[in-house]
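> Structure in structure tokens, see below.
The values are calculated or read from the model by the stated rules, or taken from the named source; none is laboratory data. Worth saying up front: this structure is predicted, and the values here are computed from it rather than measured. Glycine gets a Cβ as well: all are built from the backbone with ideal geometry, and neighbour counts include every protein chain shown. Areas reflect the complete protein model, heavy atoms only, side chains present, ligands, DNA and RNA absent. Shrake-Rupley method; radii C 1.70, N 1.55, O 1.52, S 1.80 Å.
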Number of protein chains: 2
Amino acid sequence: MTQATVTASELEQAIRNIPDFPKPGVQFKDITPLLSDPRLLSGAVDLMVSAFKPGDVDVVVGIDARGFIFAGAAAIKLQAGFVPVRKKGKLPFKTHEQSYSLEYGSNTIAIHQDAIREGSRILLVDDLLATGGTAEAAVQLLERIGGRILQASFLIELSFLRGRDRLARFPIRSQITY
Amino acid sequence: MTQATVTASELEQAIRNIPDFPKPGVQFKDITPLLSDPRLLSGAVDLMVSAFKPGDVDVVVGIDARGFIFAGAAAIKLQAGFVPVRKKGKLPFKTHEQSYSLEYGSNTIAIHQDAIREGSRILLVDDLLATGGTAEAAVQLLERIGGRILQASFLIELSFLRGRDRLARFPIRSQITY
């Protein structure tokens with residue numbers, strides 16, 4: 001277990017609420033004040049990976065784009081590799097794609113077909129768990145190529161959107177819950 | 001100085017050439033095999049930050065989206081904060097924007113107006129230095145909000161595109177040059 005050096009309360013105080021972004025009626029959780037503080041950034045990543053020690057995880061999977069920040073940092077902390085899940089059309093090699101529903105319309109994400117070895121132990125990381133649509137699609141892609149997901153770890157969870165219900169087959173961790 | 005554990009030659013061998021991506025005639029440098037290897041990932045980041053030790057840099061600035069992976073990792077290695085430069089429309093708070101020319105058309109990136117403190121010592125990180133248009137625009141944004149750029153560090157440099165010439169006012173580092 002990594003020793004955490006900050007509290008969830010400190011992290012929460014560094015998150016800025018932005019009303020009506022990206023659209024009217026939505027309150028956006030702006031994590032940039034947290035990211036720019038060295039102690040809070042490192043401490044947040046420590047908390048997000050605290051169920052594991054180096055050697056427990058083969059790859060940290062990050063979701064395009066803010067998830068890349070935490071997943072890159074988590075991979076260093078855990079001495080693991082990094083694998084990206086990206087928006088469709090961004091990955092250059094052979095991919096699998098997975099679509100999921102949004103409030104209006106749908107979105108498609110992709111993973112390289114050779115992104116991991118069969119049986120790889122995976123920590124899935126993103127900044128925010130909202131409806132869970134993106135994370136669920138990422139899980140489907142990872143399992144399709146033989147990944148074994150140990151945990152999905154988020155900085156923030158918007159629990160009223162019940163995204164956790166879509167990811168019921170493995171542990172879900174979040175540091176700050178609204 | 002951080003001790004590097006891999007060589008540039010090892011890193012280069014882990015990069016995959018993808019012909020005709022994202023468009024015919026372009027050969028894309030696919031870094032995902034490097035990223036997924038724990039030793040190569042950590043070693044690449046060590047090399048990219050090797051001019052500095054913890055305490056030398058206030059914030060590592062990463063460029064959306066692949067730059068976030070290396071910048072998140074570099075921030076952990078250097079015990080620094082992380083600041084994102086993003087495509088226009090993605091950052092929720094008050095921003096400055098900077099446009100730059102592409103081969104056909106133009107692109108616009110943005111930074112939060114309060115992203116850094118005046119005089120912050122900055123390491124700018126991205127995976128690839130090509131024409132230098134994005135990096136030059138990022139530098140303009142960072143200097144507009146009072147940043148002091150110590151170095152721009154890239155994993156890969158396509159030297160035949162002469163991007164280095166657009167970033168002449170501070171040291172440029174790249175680990176793999178084509």
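> Which residue pairs have Cβ atoms closer than 6 Å, lie 6 or more positions apart in sequence or on different chains, and pair a first residue in segment B:7-22 that is without any contact (Cβ under 8 Å) to a residue 60 or more places away in the chain with a second residue that is open to solvent by 40 Å² or more (accessible area, probe 1.4 Å) and part of a helix (DSSP H, G or I)?
Once the first residue is without any contact (Cβ under 8 Å) to a residue 60 or more places away in the chain and sits in segment B:7-22, its partners that are open to solvent by 40 Å² or more (accessible area, probe 1.4 Å) and part of a helix (DSSP H, G or I) give B:A14/B:P33; B:R16/B:P33.
> Would you be able to tell me the number of residues in segment B:100-132 that are away from chain A (no Cβ under 14 Å) and either under 19 Å from B:G67 (Cα atoms) or in contact (Cβ under 8 Å) with a residue 60 or more places away in the chain (or both)?
9
> Right, here's the next one. Could you count how many residues in segment A:1-55 are open to solvent by less than 40 Å² (accessible area, probe 1.4 Å), at the interface with chain B (Cβ under 10 Å from one of its Cβ atoms) and small (G, A, S)?
2
> Quick one: would you say A:I109 is crowded, with 23+ Cβ neighbours inside 10 Å, among the hydrophobic types (A, V, I, L, M, F, W, C) and assigned to a strand (DSSP E or B)?
So A:I109 passes the test.
> Now a separate question. Just to check your reading of the model, which residue among B:Q175, B:Q140 is in contact (Cβ under 8 Å) with a residue 12 or more places away in the chain and either within 26 Å of B:T32 (Cα to Cα) or assigned to a strand (DSSP E or B) (or both)?
B:Q175
> When you go through (1) closer than 19 Å to B:I156 by Cα; (2) more than 7 Å from chain A (Cβ to nearest Cβ); (3) part of a strand (DSSP E or B) one by one for B:E97, which number turns out not to apply?
(1)
> What single numbered condition from (1) in contact with a Gly (Cβ under 9 Å, 6 or more places away or on another chain); (2) within 8 Å of chain A (Cβ to nearest Cβ) fails to hold for B:L91?
(1)
> Of these, A:V57, A:V61, A:V83, which one is touching a residue at least 12 places away in the same chain (Cβ under 8 Å) and in a loop (DSSP other than H, G, I, E, B)?
A:V57
> Here's something else I'd like to know. For segment B:34-85, which residues satisfy the criterion of being of a type in the set (A, V, I, L, M) and touching a Pro at 6+ places or on another chain (Cβ under 6 Å)?
Passing the criteria: B:L78, B:A80.
> Restricting to segment B:56-73, what's the tally of residues that are more than 8 Å from every other protein chain (Cβ to nearest Cβ) and within 17 Å of B:E157 (Cβ to Cβ)?
2
> Right, here's the next one. I'd like to verify a number: residues in segment A:127-178 that are surrounded by fewer than 17 Cβ atoms within 10 Å (Cβ to Cβ) and of a type in the set (A, V, I, L, M, F, W, C), how many?
Qualifying residue count for the region: 4.
> Here is a follow-up. Going by what's in this entry, would B:L40 be described as part of a helix (DSSP H, G or I) and either in contact (Cβ under 8 Å) with a residue 60 or more places away in the chain or closer than 30 Å to B:Q140 by Cβ (or both)?
For B:L40, the condition - part of a helix (DSSP H, G or I) and either in contact (Cβ under 8 Å) with a residue 60 or more places away in the chain or closer than 30 Å to B:Q140 by Cβ (or both) - is not met.
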